[in-house]
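Chemist: The structure under discussion is supplied below as structure tokens; questions concerning it will follow.
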Amino acid sequence: MVIYLKAGSELRLKLKPDVDHYTRRVDTADGKMLRQILKDIGLDPAFVAFAYSEGKMFSLDGVPRDGQSITLQPPVSGG
């Protein structure tokens, strides 16, 4: 199945977008949790504070469906 992960800021650099400036297409097996998908593409889930899809929070332990677009948000930082 295919999902689309989006991110901005420093997290975007770790995501390595390939569709556009913010989006990465990921081919993955059905039934995998988002947390495992992130690990599979080399992105440590610790860099993701939360995720959302279709205007609702999406758990890192949630299982995406084919074609779903998920936005990843990094922890807030700065001074």
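Chemist: Out of Leu38, Leu13, Leu60, any idea which swings most in a Gaussian network model of the chain, alpha carbons joined below 10 Å?
Modeler: Most flexible of the set in this elastic network: Leu13.
Chemist: Which value in nm describes the separation of the simple spin-label points at Val2 and Gln36, placed 7 Å from the Cα toward the beta carbon?
Modeler: The two pseudo-label positions are separated by 2.2 nm.
Chemist: Relative contact order for the chain using alpha-carbon pairs under 8 Å, separation at least 6, rounded to a whole percent?
Modeler: Dividing the mean separation by the residue count of the chain yields 38 percent.
Chemist: Hey, another quick one. Name the residue, out of Lys32, Lys14, Lys56, whose mean-square fluctuation peaks in a Gaussian network model built on the chain with Cα pairs under 10 Å.
Modeler: Lys56
Chemist: Compute the distance in nm between two label points, each set 7 Å from the Cα along the Cα-to-Cβ direction, one at Val19 and one at Asp66.
Modeler: 1.6 nm
Chemist: On to the next question. Taking the beta-carbon count within 10 Å as an exposure proxy, list Lys16, Lys6 from fewest neighbours to most.
Modeler: Going from sparsest to densest Cβ surroundings: Lys16, Lys6.
Chemist: Would you list, by chain and number, the lysines whose Cα falls below 22 Å from the Cα of Lys14, excluding same-chain residues fewer than 8 positions away?
Modeler: Lys6, Lys32, Lys39
Readers should treat all values here as calculations from the given coordinates under stated rules, not as data from a laboratory. Just so we're clear, the structure is a prediction, and the values are computed from it rather than from any experiment. Cβ atoms come from the backbone with ideal geometry, glycine included; neighbour counts cover every protein chain shown.
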